[in-house]
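The structure appears below as structure tokens.
The values are calculated or read from the model by the stated rules, or taken from the named source; none is laboratory data. This is a predicted model, so every value here is computed, not measured. Note that we place each Cβ from the backbone using ideal geometry, even for glycine, and neighbour counts take in every protein chain shown.
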Amino acid sequence: MKNIKNDEKLNTLNHSCAHLLAHAVKHLYPEAKFWVGPVIDEGFYYDIDLGDKVINAEDLDKISKEMKKIVKSNKLIKRIELTREEALDMFKDDPYKLDLINNMEDGTTISAYKQDDFIDLCRGPHVESTKLLKYFKLLKVSGAYFKGDSKNKMLQRIYGVCFDNAEDLEEHLRLLEEAKERDHRKIGKEQELFMTHELVGSGMPLWLPNGAIIRHELENYIYKKERDMGYNHVYTPCVGTVDLYKTSGHWDHYKENMFPMMKVDDEEFVLRPMNCPHHMLVYKNKMHSYRDLPVRIGEFATDFRYEASGAVKGLERVRCMCQNDSHLFVRPDQIGEEFKKVVSLILDVYKDFGIKDYKFRLSLRDKNDKEKYFDDDEMWENAENKLREVLNEMGVEYFEAEGEAAFYGPKLDVEVKPAVGPEVTLSTCQLDFLLPRRFELNYIDNNGEKQTPVVIHRAIFGTFDRFTAFLIEETKGVFPVWLSPIQVEVIPVSSEFHGDYASSVTEKLKDAGIRVELDDRNEKLGYRLREAQIKKVPYTLILGDNEKDENTISYRLHGEKDTTTVSQEEFINMLKEKINNRK
Ligand code: TSB
Ligand code: ZN
């Protein structure tokens, strides 16, 4: 999907279209007052005060027609420059524009744009005539508080998008439709994967049984890989004391992302935003010799972070998340090798999930931001150079991004491009010389001296939440069989004649460890087959006279019409092989 805001030409076009929208609204609702109409990544919107009037879909059609009229009449769009006094006078009856003018810095050139009988305060630029705004679409309307503050009046926010040709507009609308179809929040609801509830709170999803099956499978998958690579897993509490986070530095550098403190007896607790401090203490629980390193501590760990309410989105950006986290405690001479192992694991997992469209981002600190980043130039340079060195050695392509590092060190983040929508960061691998120092960690080197280990923070899936959101959108909810909440739907042609046979097949599949559901309701066969399709079950078994007489099964794959008939054993073996190999 095109990013409208970042494209100079489309930006101007959409900005002008926001004025066109306001112009039409003014014709239809002369009492309307306008706040701001910015260009956004997806197009534009305008916030409008219409008194008590709430705009609905029919109104949008009406406004759209009025806009088309203005387009047809080919009104010239003219720029006018004003002094502050002239501007204050011109908009004296409009409290919103007066607010804007009064908040402008002294010396700003105030400009307005006029098209026929409509004039609006604006920096511009704009297209020369309304006739260039032919290819637009009003998309939706929602309520929006003035200046985003719920204590203020609710305005009507109308969204739209504009292109300079019909094909681009059509393609954009098609992609929007596709995005809606793939939206993991929609599929999550339809397939009962997760829910949210205002009594639990925003950004706090509840994983339903079907979603929980997927999460368990993902956990088992990565747990096995990590065990094979020498990781040891722990369970630690999802709270810590304020002192723990003061020791780590989170309290100074990460506080705005944390939930506020709570007091219990004499202790001050916070919900943890990261697991590193707990793992530092696990490491410190015993003595380590240089021969024991790397020590790899893993956890599927729940964290809480403050995310702005506007940024919270389904499972993709949550306030309560579960990281597939690990902290690797290494000797300085082991950094390169251990780092490479993590990158290889990321590539291995992406291969298993068929993720091909991704980019490595080397996230560096912003040298001037001494608040966010721990102030030790030598430490940062050392860490950043080390990461570059390893990446260059591995021949992995990457780009650098300043100001994206964690407060304790630089990161290698993996940005994945989903089927629709902007990139998301899934995996991360971070180098840290700071936390081991702050927690006074050590190991005994081969001369019997105490040395400080280096820590690598890494999360392969990132969080189970975000990874699952990504998977849902990639697969449109048609999961590979090993992840499917229901792997096989068994449908007897007639429950009266084939019900017993269907039950016995169902039991056999269950015994073989397959997640199976029997649909022997007294509904038409076609209806039950359609329902299995909607549920996106990968295998549907249709059992009738032939199957019963021959002791066979006939199966149909999701989305296909053909059926294949095989013996029960053949089917079970084939399916088990697919599930075990996670095909
Ligand atoms: C890897 N301390 C490290 C850890 O050891 C850490 O917390 N890194 S992180 O801040 O980058 O978070 C790890 C991953 O969590 C990110 O790469 C991202 O994929 C995921 N993530 C971050 N914020 C959210 C969120 N609000 N919702 C869902 N997933 C998130
Ligand atoms: Zn960490």
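Counting just the residues of region 439-459 that are within 13 Å of ligand 2 (Cβ to nearest atom) and in contact with a Ser or Thr (Cβ under 7 Å, 6 or more places away or on another chain), which one comes out farthest from Phe304 (Cα to Cα)?
This residue is Phe439.
Could you list, in sequence order, all residues of region 147-160 that are surrounded by fewer than 17 Cβ atoms within 10 Å (Cβ to Cβ) and touching a Phe, Trp or Tyr at 6+ places or on another chain (Cβ under 9 Å)?
Filtering region 147-160 down to residues surrounded by fewer than 17 Cβ atoms within 10 Å (Cβ to Cβ) leaves 147-154.
If the condition is that a residue be surrounded by fewer than 17 Cβ atoms within 10 Å (Cβ to Cβ) and touching a Phe, Trp or Tyr at 6+ places or on another chain (Cβ under 9 Å), then Lys147, Lys151, Asn152, Lys153, Met154 are the ones that fit.
Specify which of the listed residues (Glu473, Glu507, Glu496, Glu550) is closer than 30 Å to Lys186 by Cβ and acidic (Asp, Glu).
Criteria check complete, one pass: Glu473.
Taking Ile335, is it crowded, with 21+ Cβ neighbours inside 10 Å and farther than 16 Å from Gly462 by Cα?
In short, yes.
Got at least one residue in region 61-70 being in contact with a helix residue (DSSP H, G or I) (Cβ under 7 Å, 6 or more places away or on another chain) and among the acidic types (Asp, Glu)?
yes
What number goes with the only condition from (1) exposed (fewer than 15 other Cβ atoms within 10 Å of the Cβ); (2) within 41 Å of the chain's Cα centre (by Cα); (3) at pLDDT below 95 that Asp511 does not pass?
Only one criterion is unmet by Asp511, namely (3).
Which one of these is in contact with a strand residue (DSSP E or B) (Cβ under 9 Å, 6 or more places away or on another chain), farther than 25 Å from Ile40 by Cα, in contact (Cβ under 8 Å) with a residue 60 or more places away in the chain and within 15 Å of ligand 1 (Cβ to nearest atom): Leu434, Leu387?
Leu434
Hey, does region 208-225 have a residue that's in a loop (DSSP other than H, G, I, E, B), touching a helix residue (DSSP H, G or I) at 6+ places or on another chain (Cβ under 9 Å), surrounded by 14 or more Cβ atoms within 10 Å (Cβ to Cβ) and not hydrophobic (A, V, I, L, M, F, W, C)?
Residues of region 208-225 in a loop (DSSP other than H, G, I, E, B): 208.
From what is left, the residues that are touching a helix residue (DSSP H, G or I) at 6+ places or on another chain (Cβ under 9 Å) are 208.
Going one step further and asking which of them are surrounded by 14 or more Cβ atoms within 10 Å (Cβ to Cβ), we end up with 208.
Restricting the remaining residues to those that are not hydrophobic (A, V, I, L, M, F, W, C) gives none.
No; the residues of region 208-225 include none that is in a loop (DSSP other than H, G, I, E, B), touching a helix residue (DSSP H, G or I) at 6+ places or on another chain (Cβ under 9 Å), surrounded by 14 or more Cβ atoms within 10 Å (Cβ to Cβ) and not hydrophobic (A, V, I, L, M, F, W, C).
The conditions are (1) within 16 Å of ligand 2 (Cβ to nearest atom); (2) closer than 15 Å to Cys276 by Cα, and Leu426 fails exactly one of them. Which is it?
(2)
Taking Ala401 as the residue in question, decide whether it is surrounded by fewer than 16 Cβ atoms within 10 Å (Cβ to Cβ) and either at pLDDT below 90 or assigned to a strand (DSSP E or B) (or both).
Numbers: surrounded by fewer than 16 Cβ atoms within 10 Å (Cβ to Cβ): yes; either at pLDDT below 90 or assigned to a strand (DSSP E or B) (or both): yes.
Spelling it out, Ala401 is indeed surrounded by fewer than 16 Cβ atoms within 10 Å (Cβ to Cβ) and either at pLDDT below 90 or assigned to a strand (DSSP E or B) (or both).
What are the residues in region 287-321 that are of a type in the set (Phe, Trp, Tyr) and near ligand 1 (Cβ under 9 Å from one of its atoms), if any?
Within region 287-321, none qualify.
Do any helices (runs of 4 or more DSSP H) lying entirely in region 461-567 carry at least 1 residues that are within 24 Å of Leu208 (Cβ to Cβ) and more than 16 Å from ligand 1 (Cβ to nearest atom), and which ones are they?
Answer list for region 461-567: 464-475, 495-511, 525-534.
For a quick check of your reading of the model, give me the residue pairs whose first member lies in region 451-472 and is touching a residue at least 12 places away in the same chain (Cβ under 8 Å), whose second is of a type in the set (Lys, Arg), with beta-carbon atoms closer than 7 Å and at least 6 apart or on different chains.
Listed pairs, sorted by first residue: Thr452/Arg437; Pro453/Arg331; Phe464/Arg215; Thr468/Arg215.
Does Val264 satisfy the condition of being within 13 Å of ligand 2 (Cβ to nearest atom), over 25 Å from Leu391 (Cβ atoms) and not hydroxyl-bearing (Ser, Thr, Tyr)?
Against the criterion (within 13 Å of ligand 2 (Cβ to nearest atom), over 25 Å from Leu391 (Cβ atoms) and not hydroxyl-bearing (Ser, Thr, Tyr)), Val264 does not qualify.
Which ones in region 413-460 are in a loop (DSSP other than H, G, I, E, B) and closer than 16 Å to Leu387 by Cα?
The answer is Phe433, Leu434.
Please indicate, with yes or no, whether at least one residue in region 50-69 is surrounded by fewer than 15 Cβ atoms within 10 Å (Cβ to Cβ) and among the hydroxyl-bearing types (Ser, Thr, Tyr).
No, region 50-69 has no match at all.
Of all helices (runs of 4 or more DSSP H) completely enclosed by region 7-97, which ones contain at least 1 residues that are polar (S, T, N, Q)?
8-28, 57-72
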